[in-house]
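Scroll down for the structure; my scribbles are underneath it.
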Amino acid sequence: MGNKIVLLGAKGMLGSEVRSLYGEENIKAFDLPEFDIADLAQLKNAVDKADVVINCAAYTDVEKAESQYDLAYKVNAEAVENLAKIAADKNFYVIHISTDFVFDGNKDSFYDETDIPRPINAYGRSKFEGELLLMENHQNCGIIRVQWTYGKNGNNFISKLISLSKQRDSLKVVDDQFGSPTWTQEAAKVIHIFAENRHCGLFHYSAAGFASRYEVAKFVFEKMHLKTEIIPCKTDEFKSAAARPANSRFCCHKIQPLLDKPIEMWQKPLERFLETIRQ
Ligand SMILES: NC(=O)c1ccc[n+]([C@@H]2O[C@H](COP(=O)([O-])OP(=O)(O)OC[C@H]3O[C@@H](n4cnc5c(N)ncnc54)[C@H](OP(=O)(O)O)[C@@H]3O)[C@@H](O)[C@H]2O)c1
């Protein structure tokens, strides 16, 4: 591997999968607390001499972003603009990760890359600003939007379900939010393909098919033989600072031809993931 690959956000749920896919010796990894992407000097230093920069760093606390928009903007937009300007100057390739939260979720079919974003909350706004600032300042980049990701090193819907099942006899899960649970291990392989081939542009990536969160919970509890009862409910029964999109479904027709295999239905990778945490 001749290229110098720099990974930002290396300890996060997705970043840690990218790091283990490459192997520690093949990648230069950065994250809080030693590295702050919002610190321009630290950022310049981290990406100096990079051939490829993979940006998995992000302010991801969707609830807190409503009251901490300035910080969310600094990390998700301003720092991405800085990264873009450095990349344009040094001419390295950037892979940047974005989100379904750039959409309001009101479309009644799959979102593709031509759909106009209308962010549903503060986190989504900060991420959309980041996309715009990156594309405006640097075209040698691939932006991959992902949705409903889960993995071993993160707080996510699947891990929350499993930990709550140990504390409760019954659990209410919304049946009016739809998406496709997507394993970070699969997303990391997509990032690797992009880094190798330097694909440019905006892309949607998720597992194939879709389900409601309630259906996903039923699937997980059945596979894990968990006895907790799951009760379907509606999004408006939960009080939250940030709105959540009802529809997070992605059309992946643009990215599929760039990949080395057909994107699997969500159930298959999820079963493999559950196998890894069953012990
Ligand atoms: N999780 C999802 O369902 C989901 C869905 C759609 C898109 N995404 C996108 O996927 C990408 C990866 O997110 P993830 O799921 O892996 O979330 P994550 O686990 O929260 O990872 C983000 C990483 O960035 C780090 N970070 C935060 N602020 C930073 C800063 N100022 N400087 C340097 N690093 C900083 C975090 O450190 P701390 O943990 O210490 O804050 C964390 O290690 C993000 O772009 C996110 O927007 C995620």
Mind telling me which of the residues Ala79, Ala88 ends up being of a type in the set (A, V, I, L, M, F, W, C) and either crowded, with 24+ Cβ neighbours inside 10 Å or over 21 Å from Phe194 (Cα atoms) (or both)?
-> Ala79
Scan the range 124-131 and give yes if some residue there is under 25 Å from Asp70 (Cα atoms) and away from the ligand (no atom under 13 Å from the Cβ), otherwise no.
-> no
Qualifying positions in the range 222-246 - among the hydrophobic types (A, V, I, L, M, F, W, C) and more than 16 Å from Lys172 (Cβ to Cβ) | Met224, Ala241, Ala242, Ala243, Ala246
Give the residue that is surrounded by the most Cβ atoms within 10 Å (Cβ to Cβ), with candidates limited to residues of the range 11-28 that are under 13 Å from the mean Cα position of the chain (by Cα) and more than 7 Å from the ligand (Cβ to nearest atom).
-> Val18
Note: among Ile158, Ile120, just one is modelled with pLDDT under 95 and touching a Pro at 6+ places or on another chain (Cβ under 9 Å), namely Ile120
Could you name every one of the helices (runs of 4 or more DSSP H) located completely within the range 170-279 that has at least 1 residues being crowded, with 16+ Cβ neighbours inside 10 Å and either modelled with pLDDT under 95 or in contact with a Gly (Cβ under 7 Å, 6 or more places away or on another chain) (or both)?
-> 184-197
Mind telling me which of the residues Ala41, Ala46 ends up being over 18 Å from Glu196 (Cβ atoms), more than 8 Å from the ligand (Cβ to nearest atom), touching a Leu at 6+ places or on another chain (Cβ under 9 Å) and of a type outside the set (Lys, Arg)?
-> Ala46
Please give the number of the condition Gly105 fails out of (1) over 30 Å from Lys4 (Cβ atoms); (2) out of contact with any strand residue (DSSP E or B) (no Cβ under 7 Å at 6 or more places or on another chain); (3) part of a loop (DSSP other than H, G, I, E, B); (4) within 16 Å of the ligand (Cβ to nearest atom).
-> (2)
How many of the residues making up the range 66-91 are away from the ligand (no atom under 12 Å from the Cβ) and within 25 Å of Ala241 (Cα to Cα)?
-> 4
Given the structure, is Asp115 assigned to a loop (DSSP other than H, G, I, E, B), in contact (Cβ under 8 Å) with a residue 60 or more places away in the chain and not small (Gly, Ala, Ser)?
-> no
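The values are calculated or read from the model by the stated rules, or taken from the named source; none is laboratory data. Nothing here was measured: the structure is a model prediction, and the numbers come from that model. Because the Cβ atoms are built from the backbone with ideal geometry, glycine has one as well, and the counts that use them run over all protein chains shown.
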